[in-house]
Amino acid sequence: MSWFSLNVSGNPTQPSDYSPVASPSCPTGTNKICAIQADPDGSGQPDITDSLKDQMIEALHNRTSSTNVQLRS
C-alpha cells in the first residue's frame, strides 16, 4: 500500500485528485481528508475501494485519523 495526498480543493472520492507521496505531511486536524493509504491502480492513482470509502466516512464522522486515512483542519 502507498500514501496519496489529496490535492488542494480536490474531491476525496476522485482518484485523479490525489498525488503519490512517500509519507503524508498533514497538519493535525479533524475536518477534512488530507491523505489516504491505498493500493495503487494501474495508472498510479489510489484504488479507492468501498472499504476505504467506509474508513474515510468513519474518520470524518469520528473526527479522528485512522490507519489508512489522515485528516487535516
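The values are calculated or read from the model by the stated rules, or taken from the named source; none is laboratory data. Given the structure is predicted, the values throughout are model-derived calculations rather than measurements. Positions of Cβ are generated from backbone atoms using ideal geometry, with glycine treated the same way; all protein chains shown enter the neighbour counts.
Some notes on this structure:
- For the stretch 6-31, taking the residues that are of a type in the set (A, V, I, L, M, F, W, C) and modelled with pLDDT of 90 or more, the one that is nearest to the chain's Cα centre (by Cα) is identified as L6.
- Cβ pairs under 8 Å, 6+ apart, first in the stretch 16-28 and over 10 Å from F4 (Cα atoms), second loosely packed, with under 12 Cβ neighbours inside 10 Å: P27/S73; T28/S73
- Of everything in the stretch 32-50 that is assigned to a loop (DSSP other than H, G, I, E, B) and crowded, with 17+ Cβ neighbours inside 10 Å, the residue that is nearest to the chain's Cα centre (by Cα) is I48.
- Residues in the stretch 35-73 that are closer than 12 Å to T13 by Cα and in contact with a Leu (Cβ under 7 Å, 6 or more places away or on another chain): 2 in all.
- Residues in the stretch 55-71 that are surrounded by 11 or more Cβ atoms within 10 Å (Cβ to Cβ) and assigned to a helix (DSSP H, G or I): Q55, M56, I57, E58, A59, L60, N62.
- If the condition is being in contact with a Cys (Cβ under 8 Å, 6 or more places away or on another chain) and closer than 14 Å to S2 by Cβ, then the stretch 32-73 contributes A35, Q70.
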